[in-house]
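Participant: My questions all concern the structure below.
Derivation of every value follows stated rules applied to the coordinates shown; laboratory data play no part. Keep in mind the model is a prediction, meaning the values are calculated, not measured. Positions of Cβ are generated from backbone atoms using ideal geometry, with glycine treated the same way; all protein chains shown enter the neighbour counts.
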Amino acid sequence: MNEKNRKRFGLLGCNIDYSFSKVYFTEKFAREKRVQHSYENFDLPNLNGFGELLKTPNIKGMNVTIPYKQEVMPFLDELDEVAAEIGAVNTIVFRADGTTKGYNTDYIGFQNSISPLLPENTTAALVLGTGGASKAIVYTLNKMGISTQYVSRKSSKNAISYDELTPEIINSHKLIVNTTPLGTFPEVAQKPTIDYSHLTANHVLYDLIYNPAETAFMKEGLKRGAKVCNGKNMLIGQAEAAWKLWNS
C-alpha cells in the first residue's frame, strides 16, 4: 500500500473488541475495492493518550462510542451545531488543514429506524440511561414532537429513578428506549430494572443494543405483545451518515 495515499479510519472507545463499526467498514471497503482504506479500533482505557492519537498519520475519520461521546468534545477544534446541541459526538472529521470537527450522526440513524415503528399518537417516551447515546435519542424524539423522561439508577434534576417508575408512568409512555449497555453480549440475561408486567401491546420497546439481536429487554416486550426493535439499523444509518461526512 502506498503510504502517501493511505486513508485510515477507526473507532474510539473502551473495551470495543465486539465492535460493529470495524466489521462494517472493513467489509464496506472490501466490497467497494477501496484498497487504500483501513479501519481499526482505538481502544483506550481513558482519554489521556487521545492528544497523541489525534496525530495519527493519514487519519481521516473516527467513530466514537461508549464511554467517550461526551468526554471527547473538549479535544476537538470545532463542533457541528447539532452535536453541540445534543451534547455528544459520535463522528470526527479530520480536515485537510489538520483541524478536527465533531458531529453526531446517531440521531439520523435513530430517527430513520424508529419512525416506521411508531403509531401516530405516540406522544411520550421513557429513555433508560443518561449517557452519551441517550442525548441523541432525546434530541431526536423532541424534534419529532415526542416528550421524553430520563430514567436512571439515581434520581436527579433531569431523571427519575427506576424505583420511581409507577404503573401510571409506564402506561402513559408508550415508547421505551434502552440506551444502557445492560443485556449486551456476553451478559445477555441482564436488562433494565423496570416492572415489565405493566407493558401492553400498545408499547414499543427499542434497544440500542444489537448483539444479541433479541435482548432480554426486548423479550419482555414480546411476551406482552409489544413491538420491539434492536439497534442494528440505527448503527447502519449512523455509519453511512458518518461516511458521507468523511467524504464531503
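Participant: In nm, to one decimal, how far is the modelled label at Glu78 from the one at Ile236, with both set 7 Å along Cα→Cβ?
Facilitator: Placing both labels 7 Å along Cα→Cβ, they lie 3.2 nm apart.
Participant: Using the Cα gyration tensor of the stretch 3-72, with a ≥ b ≥ c the square roots of its eigenvalues, what is the shape: rounded (a/c below 1.5), prolate (a/b larger than b/c) or oblate (neither)?
Facilitator: Numbers: a/c = 2.81, a/b = 1.43, b/c = 1.97.
Because a/c hits 1.5 or more and a/b fails to exceed b/c, the stretch 3-72 counts as oblate.
Participant: Something else: Each residue of the stretch 82-87 in order: what ³J(HN,Hα) in whole Hz does its phi give by Karplus 6.51 cos²θ - 1.76 cosθ + 1.60, θ = phi - 60°, with x for Gly and Pro?
Facilitator: Per-residue couplings from phi come out as 5, 4, 5, 5, 5, x Hz.
Participant: Using 23 Å as the Cα-Cα cut-off, could you pick out the over-long pairs in Lys154/Lys219; Lys7/Lys33; Lys33/Lys55?
Facilitator: In this structure, Lys154/Lys219; Lys33/Lys55 exceed 23 Å between Cα atoms.
Participant: Next up: Mind listing the phi-derived Karplus ³J(HN,Hα) values for the stretch 36-43, rounded to whole Hz, using 6.51, -1.76 and 1.60 with θ = phi - 60°, and x for any glycine or proline?
Facilitator: 8, 9, 9, 9, 9, 8, 9, 8
Participant: Still on this structure, please answer the following. Calculate the spin-label point distance for Phe185 paired with Ser147, positioning each point 7 Å from the Cα along the beta-carbon direction, and give it in nanometres.
Facilitator: Calculated label separation equals 4.0 nm.
Participant: Let me ask you something else. Which of the trypsin sites (Lys or Arg not before Pro) found in the stretch 170-248 are loop residues per DSSP with 16 or fewer other Cβ atoms within 10 Å of their Cβ?
Facilitator: Within the stretch 170-248, the qualifying trypsin sites (Lys or Arg not before Pro) (loop, at most 16 other Cβ atoms within 10 Å) are Arg224.
Participant: Counting other Cβ atoms within 10 Å, which GluC sites (Glu not before Pro) in the stretch 12-62 have at most 11 and lie in a DSSP loop?
Facilitator: Working: sites: Glu27, Glu32, Glu40, Glu52; in loops: Glu32.
Here the GluC sites (Glu not before Pro) that fit, given the DSSP loop and packing criteria, are Glu32.
Participant: Which cross-chain or sequence-distant (5 or more) residues have an amide H under 5 Å from the amide H of Tyr39, H modelled 1.01 Å from N in plane?
Facilitator: Placed amide hydrogens put Phe9 under 5 Å from Tyr39.
Participant: So, one more: Please report, in cubic angstrom per residue, the volume enclosed by the convex hull of the alpha-carbon atoms of the chain.
Facilitator: Per residue, the Cα convex hull of the chain comes to 133 Å³.
Participant: I would also like to ask the following. With each pseudo-label sitting 7 Å past Cα toward Cβ, what's the Asn158-Thr123 distance in nm, one decimal?
Facilitator: Placing both labels 7 Å beyond Cα along the Cβ direction yields 2.5 nm.
Participant: About the Cα centre, and with charges only on the beta carbon of Lys, Arg (+1) and Asp, Glu (-1), how big is the dipole of the stretch 3-104? Nearest 20 debye, please.
Facilitator: 620
Participant: Would you mind checking the stretch 40-56 for residues with the amide N under 17 Å from a putative spin-label position 7 Å along Cα→C-beta of Glu32?
Facilitator: 40
Participant: A further question follows. From the residues Gly131, Thr100, Ile59, which one has its Cα farthest along the dipole of the chain in the positive direction, the dipole being from +1 and -1 charges on Cβ of Lys/Arg and Asp/Glu about the Cα centre?
Facilitator: Value: Ile59.
Participant: What does the charge dipole of the chain about its Cα centre add up to, to the nearest 20 debye, if the Cβ of each Lys and Arg holds +1 and the Cβ of each Asp and Glu holds -1? Don't skip to the end; give the middle numbers.
Facilitator: Details: 27 positive and 25 negative charges, 126 e Å.
Taking the Cα centre of the chain as origin, the dipole is about 600 debye.
Participant: Take every Cα pair under 8 Å in the chain that's 6+ residues apart, average their separations, divide by the length, and report that relative contact order as a whole percent. Kindly include the intermediate steps, with their values, before the conclusion.
Facilitator: On the way: 466 pairs, mean separation 37.6, N = 248.
15 percent.
Participant: For Asn211, enumerate residues with amide H under 5 Å from its amide H, sequence gap 5+ or separate chain, H modeled in the peptide plane.
Facilitator: Residues meeting the criterion, in which the H sits 1.01 Å from N, are Phe185.
Participant: When the helices in the chain are scored as -39500 (n - 2.57) per DSSP H run of 4 or longer and the sum is shared across all residues, what 222 nm value do you end up with, to the nearest 500 deg cm²/dmol? It would help to have the intermediate numbers written out before the result.
Facilitator: Working: 8 runs with 72 residues, N = 248.
Computed ellipticity for the chain at 222 nm equals -8000 deg cm²/dmol.
Participant: May I ask what percent, to the nearest 5, of DSSP beta bridges between residues of the chain are antiparallel?
Facilitator: If we restrict to bridges inside the chain, about 20 percent are antiparallel.
Participant: May I ask you to evaluate 6.51 cos²θ - 1.76 cosθ + 1.60, the Karplus curve with θ = phi - 60°, for each residue of the stretch 114-128 and list the ³J(HN,Hα) values in order in whole Hz, giving x for glycine and proline?
Facilitator: Result, rounded to whole Hz: 7, 3, x, 8, 8, x, 4, 8, 6, 10, 8, 9, 9, 10, 8.
Participant: Arrange the following residues from fewest to most other Cβ atoms within 10 Å of their Cβ: Phe50, Phe94, Phe9, Phe110.
Facilitator: Phe50, Phe94, Phe9, Phe110
Participant: By counting other Cβ atoms within 10 Å of each Cβ, how are Tyr162, Tyr107 ranked from fewest to most?
Facilitator: By the 10 Å Cβ count, ascending: Tyr162, Tyr107.
Participant: What is the fewest-to-most order of Ser134, Ser152 by other Cβ atoms lying within 10 Å of their Cβ?
Facilitator: Listed from fewest to most nearby Cβ atoms, that is Ser152, Ser134.
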